[in-house]
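Accompanying notes for the structure given below.
Each reported figure results from applying straightforward, stated rules to the coordinates on display, with no laboratory input. Please read all numbers here as calculations on a predicted model, not as lab measurements. Cβ placement follows ideal geometry from the backbone for every residue including glycine, while neighbour counts extend to all protein chains displayed.
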Amino acid sequence: MKNFIKHIIFFLAFILVSQATQAQRNRWKAYDFKDTTALDYIDPQYLNEDAVEIKNIKVFEYKGLGPSTLQKAVYKLVRINTDIGLEDYNKVAIPMYGVKKIVDFKVRFISPSGKVTSMDRNDLYEIDNLEGYGDFKVFAIKGAEVGGEIEFKYTLNLYPSKSHIEIYYNDYPIQQGRFELVAHGALSVYVKSYNGFPELEVDSDGRQAWYADLKNVEPLKIEKYANNTPHRMKISYAIMGGSEATAYTEWRKKYTNIYNYCMQFSKSELKKALKLYQTFPLTEATDEQKINYIKKYCNDSISISYSYSEYNLHNIIRYKMVPNSYGKIILQSALFEVAGIECEIVLTGDKTFAEFSTDYPFSYMVNKTLFYFPILGQYLEPFVDYYPLGIVQTDYIDQEGYFIKKPSATYYHNITAVDTSRTKTEYEIQLELVDENKVNIEWQSSYRGYWAAQYRNLFAYLNRQEINDYLEDKGKRSSVNAIVHKSELFNDSLSWNDSIVKPLIIRHQMSSDMLVEKGGEDLILNIGFLLRTQANLYNEEEERSQDIELKSPINKSYTIEFEIPENYQIANLEELIEEVKYTNEQGKVQAGLESNYELNENLLVYRISEYFIKSSYPAKDYEEIRTVINQMADLKHKSLVLQPIENNTAN
């Protein structure tokens, strides 16, 4: 009898544990639509918001030990309070990058009166490369109106990535949210949260689950001249198994792998690399030219074959083939060494999405490799032709990186922007007053450094007609209501022996009937219309919370020449003189604006220079930086008053 009772108790305990475990696992499973069509409760603090996400649920579940599949489920319930909120939510886009298939999809709109309009897969339509962000499936919300709720849920089977970052784009408040990550217990999982994301709780019963509940997530304050995305609430994770775990979590492992493959060569390998290098036309070349030639050779002559698996330097040189771009790094590094050019390898990431972390070296974070040449003090993008030595993409500037150097040394350091002498924009503008309504404009724009790289990148993918159309459109934006008669482009590509300071030049011949207007007997020349100034910061009255980000240092100048018509004189020349500077605590000028003029008989030469020597400034410097930006923005309202000389004589 005792044994029977013991078995009964054990059986009941097993049932209870099984039910508890099943309940626990059910919590990880997909969420479904609410049972009622009555509108949900909204916290009174959100009633004046344009919209509020009542629920925002995201579930990631890895299936298998491989893992072979990643399933992502998204559920949202959104209250629409205004037309602005309706405009933002009446279309929903599902990114299709890495998607095997859509497992489940349903959408409905609940009107304020409780009427339900449902949608299904037939309402999905495709958009290729939406605004440059890749392919999307998009659905429009039928019957949506202010005061109602949009409810949608979809589940995707994805190709399983080993790492991921989920950013909460909280332009609107999230009243209630949840994040869940589920994986097999045999897998190693690393999780890191940022910017107020709640600490995760962990369950484990054969399958591990990390979860966090979010409550009353306030929308992010968007500030001008700020890289707002890094400040958004986000969660990142990396998942791996077996020996991969330590390889991905220790910087020393990364250093060893990079050093052994890319910086440690045998005598025979270096002999082979030297033999190749001696065939290059670099006898009289500078170090800068040597570096750019080696990069160009590796990118033009070495092909990538994903079916090829050999990293051996002898075979890379012999067969001119590598299994991935990493193999090109190996060859470039060897060629730099035999050329006698000291270099280091930098591992970093895109600061737009992730903060570089010394204790979290996963692939989403460390997805960019650069070369650094300490004697030259310059960085090199190893693969992109239109970024020559000294210019790297702006998303990596002011981001920390992991530097690997010989012999056997590593360190962390910030990636600094190239100095403003190598990155500059110059506008040379000549104005000719044709009559009291029309002005002819000769405009030349010269771009060096970052702007030149971005334009060369753009023009590399456009055909001649597309380039012509772009130049014409760019000319129209140069002044109000401009008619572009002719456009020319110079130096849109660089050869290996060109310096990065060689400018990309755009010339326009234009005319405009909006630059000059009558003011009684006077003529008003709206010279400020010609200036491309930054947006002002007059409406930013709240205390600054984020650093000031300008993408890259600014060194911009205007030279505007205007031949004053006979029998006219300019009445307000003194208004062309401006000067404002921001100097740091050490007495070094960090930013400024200067404008002045020369008058040679009837030729007016108006010169303006604007400069920010860094790409990033701390929030504490905001007021000083704002003064410079606003002063430059005010120049757009600058006008010259041309008075008839006869009238002045009579007076």
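Some points to look at:
- Over all projection directions, the Cα-based convex hull of segment 31-247 averages an area of 13.5 nm².
- Once divided by 2.2 N^0.38 Å, the Cα radius of gyration of segment 69-161 becomes 1.14.
- Modelled label positions at residue 221 and residue 201, each set 7 Å beyond Cα in the direction of Cβ, lie 3.2 nm from each other.
- Fully extending the segment from residue 623 to residue 43 would add 205.2 nm, taking 0.36 nm per residue of separation and subtracting the current Cα-Cα distance.
- Segment residue 461-residue 171, length gained on full extension (0.36 nm per residue, minus Cα span): 101.1 nm
- Set 58/137; 76/368; 486/551 screened for pairs whose C-alpha atoms are more than 26 Å apart: 76/368; 486/551
- Gyration tensor (alpha-carbon) shape descriptor, segment 207-316, a/c threshold 1.5: oblate
- Here segment 560-613 yields Rg over Rh of 1.17, to two decimals, using C-alpha coordinates and the Kirkwood radius.
- If only the Cβ of Lys and Arg carry +1 and only the Cβ of Asp and Glu carry -1, the dipole of the chain around its Cα centre is close to 4460 debye.
- Each of 31, 172 was scored by other Cβ atoms within 10 Å of its Cβ. Listed from fewest to most, they are 31, 172.
- Values of log10 I(q)/I(0) for segment 425-647 across q = 0.11, 0.13 Å⁻¹ run -0.65, -0.88, by the Debye formula with one identical scatterer at each alpha carbon and no solvent.
- With coordinates expressed along the principal axes, the C-alpha atoms belonging to segment 343-439 extend over 70, 31, 21 Å, beginning with the largest.
- Length added when fully stretched, residue 358-residue 580, from 0.36 nm per residue minus Cα-Cα: 76.0 nm
- 10 Å binning of all Cα-Cα separations within segment 529-568, expressed as whole percents from 0 upward: 16, 34, 25, 15, 9, 2
- Filtered GluC sites (Glu not before Pro), segment 397-494: DSSP coil and at most 12 other beta carbons within 10 Å: 436
- Ranked by the mean number of other Cβ atoms within 10 Å of their residues, highest first, the peptides 255-264, 47-56, 117-126 fall in the order 47-56, 255-264, 117-126.
- Neighbour-count order for 490, 362, fewest beta carbons within 10 angstrom listed first: 490, 362
- Enclosing the Cα atoms of segment 251-414 in their convex hull gives a volume equal to 117 cubic angstrom per residue.
- The listed peptides 445-451, 323-329, ordered by packing as a protection proxy, come out as 445-451, 323-329 (highest mean of other Cβ atoms within 10 Å first).
- Which label in [x] 245; [y] 164; [z] 206 gives the computed volume of the Cα convex hull per residue in Å³: [x]
- Volume in Å³ per residue [convex hull over Cα atoms, computed for segment 139-262]: 202
- Ranked by the mean number of other Cβ atoms within 10 Å per residue, highest first, peptides 79-92, 585-598, 330-343 order as 330-343, 79-92, 585-598.
- The chain - percent relative contact order, Cα under 8 Å, separation 6 or more: 9
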